[in-house]
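S.K.: Right, I'll just put the structure down here and ask away after.
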Amino acid sequence: MTTSAPDVVPLYGLTDDHLAFRSVIRQIAAERVAPRAAVIDADAEFPEDVRGLFADQDLFGLPFEEAYGGTGTGPLMLCVAIEEVAAACASSALLLAVQDLGSLPIRLAGSEELKQRVLPRLASGEWLAAFALSEPDAGSDPRSMRTRARREGDEWVIDGAKNWITNAGVAHAYVVFALTDPDAPGSRGMSAFFVEADEPGFSISRLEHKMGMRGSPTGQPVFDGVRVPAANLIGAEGEGFKIAMRTLDHSRLGIAAQALGIAQGATDYAVGYARERIAFGQPLIELQGIQFKLADMETRCAAARELLYRAAAKAERGERDLGKYSAMAKLFCSDVAMEVTVEAVQVLGGYGYVTDYPVERMMRDAKLTQIYEGTNEIQRVVIARALRG
Ligand code: COS
């Protein structure tokens, strides 16, 4: 069977542009981000310097179309960037993933006026974005949320509290989901709003102390009679749940890329260590027990990358089964990240368990990728529903 017919479109893969970009970002990650990663983690410090670096390098523009100040380079390029940064520092990579997540509702469903008003400031990195869906009693099941928005004249008034919100306290722009008609049938009572963090009535009541991803603040935004103009409604009234689901169909690619980066970073570190470390008179990498671990780690990373690129290609082309593929990529890449980082700690032995070496941080960071933007159990629900039809 021939595959060389001229009209055959490649399924997915990196172009020369992707490869050139990957080497630039790999260098930035190695030289400017990796040296900061241990301190960012130890101090649970928001990396303002890394944010400035990404803005200078135009990395925040990756999710956005050129018409709104972005690079117009598409989802696969964003995944490549997130993967490369995550191999050095997962918290820093989350800056890029959340700029995608928090702006997607506006990009997918916002009015032209709202897009023009907001997106260029997000694309430049002047503003950071946040996606405020989850609540203390509504995580996997967002339809049970309590936050309400009511219409008063030309404004919406929002009351409620969100939970587990990435970029809490550092974001300037929040997309907030609220019930506008709690009695509406099905999912139709929820709407999405754009809220700036300096609105009266907005505050952050609590920040979490996390096991991993410690350079990325996670917290509880509170909306106490926050007023936004009617023009800040995203999409139509009652469309909020669908906008959230469509957003997650896209944004889970970013978490898959982050998980893959963590996995590849841990694999590469373990390989480097095994080449240098001498045991029983030879480098560890000559021992078959270690060789088999490293071979499995590298294989899992490669398989995860294939699935992620396939899913990203579906986003590039607007294919209908993106939701199933992004869920599969997020599920698989995050499980690979967890398995591989546990093995990396094992390869390093005692050194793997102490903070002088990066693999214990990678293991802690990996755990969150199995939980956020939909637990892996939720990903299985999404995949199974697609199979059911
Ligand atoms: N894209 C567009 N529309 C979608 C959709 C999608 N991916 N998924 C569901 N919908 C629509 C359905 O078609 C349905 O429309 P109608 O009301 O017109 O029939 C509506 O949304 C409700 O769908 P469904 O009945 O499937 O809703 P459920 O409450 O059963 O949803 C899941 C269940 C698990 C899919 C959903 O609650 C979910 O994804 N939860 C996880 C949320 C999450 O990831 N949270 C993490 C925090 S955000 S960082």
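S.K.: Over the stretch 290-350, with every protein chain in place, what whole percent of the accessible area is carbon and sulfur at 1.4 Å, could you tell me?
M.R.: Numbers: 1290 of 2520 Å².
Looking at the stretch 290-350 in its full context, I get 51 percent from C and S.
S.K.: Where q = 0.12, 0.14, 0.22, 0.24 Å⁻¹, what log10 of I(q)/I(0) comes from the Debye formula for the stretch 129-238, counting one point per Cα?
M.R.: -0.38, -0.51, -1.19, -1.38
S.K.: Between Met211 and Gln57, take the C-beta separation as r, use R0 = 35 Å, and let me know the FRET efficiency to the nearest 0.05.
M.R.: Values: r = 30 Å, r/R0 = 0.84.
Calculated transfer efficiency: 0.75.
S.K.: Can you check what the net charge comes to around Gln220, using other residues whose Cβ is under 10 Å from the Cβ of Gln220 (Lys, Arg +1; Asp, Glu -1)?
M.R.: On the way: positive: Lys162, Arg206; negative: Glu135, Glu208.
Neighbourhood net charge equals 0.
S.K.: Next question. Top to bottom by accessible area (1.4 Å), largest first, where do Ser187, Ser205, Ser103 land? Can you show the working numbers first?
M.R.: Numbers: Ser187 20, Ser205 70, Ser103 0 Å².
Result, largest first: Ser205, Ser187, Ser103.
S.K.: Between Arg143 and Thr15, what length in nm is gained on full extension when 0.36 nm per residue of separation is reduced by their alpha carbon distance?
M.R.: Working: separation 128, 0.36 × 128 = 46.08 nm, distance 4.07 nm.
Full-extension gain reported as 42.0 nm.
S.K.: OK, next. Taking the Cα centre of the chain as the origin, how large is its charge dipole in debye, to the nearest 20, when only Lys and Arg (+1) and Asp and Glu (-1) carry charge on their Cβ atoms?
M.R.: Roughly 880 debye, rounded to the nearest 20.
S.K.: I want to verify the translational diffusion coefficient of the chain in µm²/s; compute it with Stokes-Einstein, Rh as the Kirkwood radius over Cα pairs, at 25 °C and 0.890 mPa s. Each step should come with its number before you reach the end.
M.R.: Numbers: Rh = 21.5 Å.
Result for D is 114 µm²/s.
S.K.: Also, quick follow-up: If you average the alpha carbon positions of the stretch 314-381 and of the stretch 59-131, how far apart do those two centres end up, in angstrom?
M.R.: 21
S.K.: Okay, next question. Using the heavy atoms of the protein chains alone and a 1.4 angstrom probe, what is the accessible area of the stretch 101-259 per residue in square angstrom? Working shown, then result.
M.R.: Details: 6120 Å² over 159 residues.
Spelled out: the 1.4 Å probe surface of the stretch 101-259, per residue, equals 39 Å².
S.K.: Mind checking the full-extension length gain between Arg151 and Ala236? Use 0.36 nm per residue of separation minus the Cα-Cα distance, one decimal, nm.
M.R.: Working: separation 85, 0.36 × 85 = 30.60 nm, distance 1.35 nm.
My answer for the length gained is 29.2 nm.
S.K.: Separate question: Would you give the gap between the C-alpha center of the stretch 249-301 and the C-alpha center of the stretch 213-232, rounded to a whole Å?
M.R.: That distance is 38 Å.
S.K.: Take every Cα pair under 8 Å in the chain that's 6+ residues apart, average their separations, divide by the length, and report that relative contact order as a whole percent. Spell out each step's value before the answer.
M.R.: Details: 748 pairs, mean separation 64.4, N = 389.
Contact order relative to length: 17 percent.
S.K.: Let me ask you something else. Report, to two decimal places, the Cα Rg of the stretch 16-123 normalised by 2.2 N^0.38 Å (N = number of residues). If you can, show how the numbers build up before the last one.
M.R.: On the way: Rg = 14.1 Å, N = 108, 2.2 N^0.38 = 13.0 Å.
Output field value: 1.08.
S.K.: Select from Phe64, Pro120, Leu76 the residue farthest towards the positive end of the dipole of the chain; place +1 on Cβ of Lys and Arg, -1 on Cβ of Asp and Glu, and compute about the Cα centre.
M.R.: Leu76
S.K.: Zone of Arg385 (label point 7 Å along Cα→Cβ, backbone N under 14 Å): which residues in the stretch 162-186?
M.R.: Flagged as within label range: 186.
S.K.: So, counting K/R as plus one and D/E as minus one, what does the shell of residues with Cβ under 9 Å around Glu373 add up to?
M.R.: Working: positive: Arg252, Lys330; negative: none.
Neighbour charge sum, excluding Glu373 itself: +2.
S.K.: Write out the GluC sites (Glu not before Pro) in the stretch 296-389 meeting two conditions: DSSP loop, and at most 16 other Cβ atoms within 10 Å of their Cβ. Kindly include the intermediate steps, with their values, before the conclusion.
M.R.: On the way: sites: Glu298, Glu306, Glu316, Glu319, Glu339, Glu343, Glu360, Glu373, Glu377; in loops: Glu319, Glu373.
When the GluC sites (Glu not before Pro) of the stretch 296-389 are filtered for loop state and at most 16 Cβ neighbours within 10 Å, Glu319 remain.
S.K.: Taking the chain as a Gaussian network, Cα atoms linked when under 10 Å apart, which of Gly265, Gly201, Gly70 shows the biggest mean-square fluctuation?
M.R.: Comparing Gly265, Gly201, Gly70 in the GNM, the peak value goes to Gly201.
S.K.: R0 = 22 Å: FRET efficiency of Glu66 with Arg22, Cβ-based, nearest 0.05?
M.R.: Using R0 = 22 Å, I get an efficiency of 0.60.
S.K.: Another one. With the crude spin-label approximation of a point 7 Å out along Cα→Cβ, what separation in nm comes out for Glu377 versus Leu287?
M.R.: 3.8
S.K.: Moving on. Positive end of the dipole of the stretch 129-238, charges at C-beta (+1 Lys, Arg; -1 Asp, Glu), about the Cα centre: which of Ala171, Pro185, Thr218 has its Cα farthest in that direction?
M.R.: Ranked along the dipole, the leading option is Thr218.
The values are calculated or read from the model by the stated rules, or taken from the named source; none is laboratory data. Computed from a predicted model, the values in this text were never measured in an experiment. Methodologically, a virtual Cβ is constructed for each residue, glycine included, from the backbone with ideal geometry; neighbour enumeration extends over all protein chains shown. Just so you know, the surface numbers come from the protein's heavy atoms only, side chains and all, with ligands and any DNA or RNA stripped out. Shrake-Rupley method; radii C 1.70, N 1.55, O 1.52, S 1.80 Å.
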